[in-house]
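Below is one structure, written out as structure tokens, with a few remarks after it.
The values are calculated or read from the model by the stated rules, or taken from the named source; none is laboratory data. Keep in mind that what you see is a predicted model, and the values were worked out from it rather than measured. Glycine gets a Cβ as well: all are built from the backbone with ideal geometry, and neighbour counts include every protein chain shown. Ligands, DNA and RNA are stripped out before the accessible areas are found, and what is left, the full protein with its side chains, is counted by its heavy atoms. Shrake-Rupley method; radii C 1.70, N 1.55, O 1.52, S 1.80 Å.
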Amino acid sequence: SSAGHGSSQSLPPLCTLCCCGVINRTLAVAFMVSLAFAIVVGNVVTLTVFVQTRQSRTPQGYLKSLAIADMIVGVVVVPFSVYTEISLMVTSAPPIWYQSSTTAPPAASSSSWQPCMLIGPVFAGCTFVSISTIFLMTLERSVAILWPLHKDALVTRKRTLFLILLSWTSSFLLALAPLIFSSNFTLEYNVCSRMCNYTPLLFSGQLPPDANILLLFPAFDFTLLGGTLAVNIVSFTSIRRYTRKRKLLSEGSLSDGGGGGCSHRPSFSDIKAAKTIGILTFAFTASFSPIAVFVLGNVVGYTWCNFSFFAFWILTGNSCCNVIIYSVRDHRFRKGVTLLFQREQSLPHGEKT
């Protein structure tokens, strides 16, 4: 393929039934628009409820800043893919950020700034923010379950906000790592995934020696997922123990003996929140695993065109699933939505809640 703007002659070898054709592009654009709308609406409602209701302004509520990262995906990342796909259908010449520079030298690929240099790290950074925030949510719930009497002392707003800031900073620094530590990577709109992807520059058809730097991404996510899983196991083991003891007490087969620790058992809301975070962990693992497999294959030289499309967009769909899981299952959120709409309907005569 040729460098620079690319040519239509270089596109067919990469195009498959999933990637080419007006009908396929139209269906893809319709899917992207629907997904962006669902992501934005769901996360805007979540953030509005957080701002408008005092009940949500807790350390656990602050951790739902995850909605900001998800909304950025729906406002910035997905619309850019929609714009590019529509441009490809309307015009015959691909835009300058389209897949074209994998065989070009670094100087040629960096001669002009491309929007993918922003869109790619934003998407990667928001993905890392998602998993790191889920990890923090898990830690917060484990403290509430294992040490309920010390929860307020251990989990404070100040500490929570500091950890959120640390999460966002480290996530976006990691997203920029391939560009900071290597000059053999670029970002371009991929014909297969229909997103801005990190692309190693090929030299004589060979991958650069530092191409495995991309393995930092799945390593980071699976490390945090493993930690989240371990904490969840400890929390659910404690929940099971307390539930079993409560059942024995109700049957009269176990003497109370002053409570025997049952006075310190987690509340129903803490147990439900822990289950919600467990579902979040499972959903993120299921959505991230395909992209991790794709990255591993990409590092060793496989393209997997059709698979890359589904892998990237399953991960993008997680930004819509998060708000459904951790907000709709939260009774405080449902109460906040009710209060929000009641306030709007009775604004002239209503009282501020």
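Phi angles of segment 176-186 translate, via the Karplus equation with coefficients 6.51, -1.76, 1.60 and θ = phi - 60°, into HN-Hα couplings of 8, 4, x, 7, 7, 9, 8, 9, 9, 10, 9 Hz per residue; Gly and Pro are given as x.
When the solvent-accessible area of segment 23-92 is split by element, carbon and sulfur atoms take up 73 percent of it, the probe being 1.4 Å. Using a probe of 1.4 Å on the protein chains alone, the accessible area found for Lys275 is around 100 Å². Over what distance in Å are the Cα centres of segment 26-47 and segment 160-198 separated? With segment 26-47 and segment 160-198 each reduced to a Cα centre, they are spaced 22 Å. Whenever you get a sec, compute what percent of the accessible area on segment 120-240 sits on carbon and sulfur atoms (1.4 Å probe). In segment 120-240, the share of accessible area belonging to carbon and sulfur is 71 percent.
Remark on Cys196: its backbone amide H falls under 5 Å from those of Asn190, a criterion applied only to residues 5 or more positions apart or on other chains, H modelled at 1.01 Å from N. With respect to the cross-link table entries Lys245/Lys335; Lys158/Lys275; Lys151/Lys275; Lys158/Lys335, which display a Cα-Cα separation exceeding 22 Å? Exceeds cut-off: Lys245/Lys335; Lys158/Lys275; Lys158/Lys335. Among 24-30, 197-203, sorting by the average number of other beta carbon atoms lying within 10 angstrom of each residue, highest first, gives 197-203, 24-30. When Thr53, Thr303 are compared by accessible area of protein heavy atoms, the largest-first order is Thr303, Thr53, using a 1.4 Å probe. Highest mean first, the peptides 133-146, 181-194, 38-51 sorted by other C-beta atoms within 10 Å per residue fall in the order 133-146, 181-194, 38-51.
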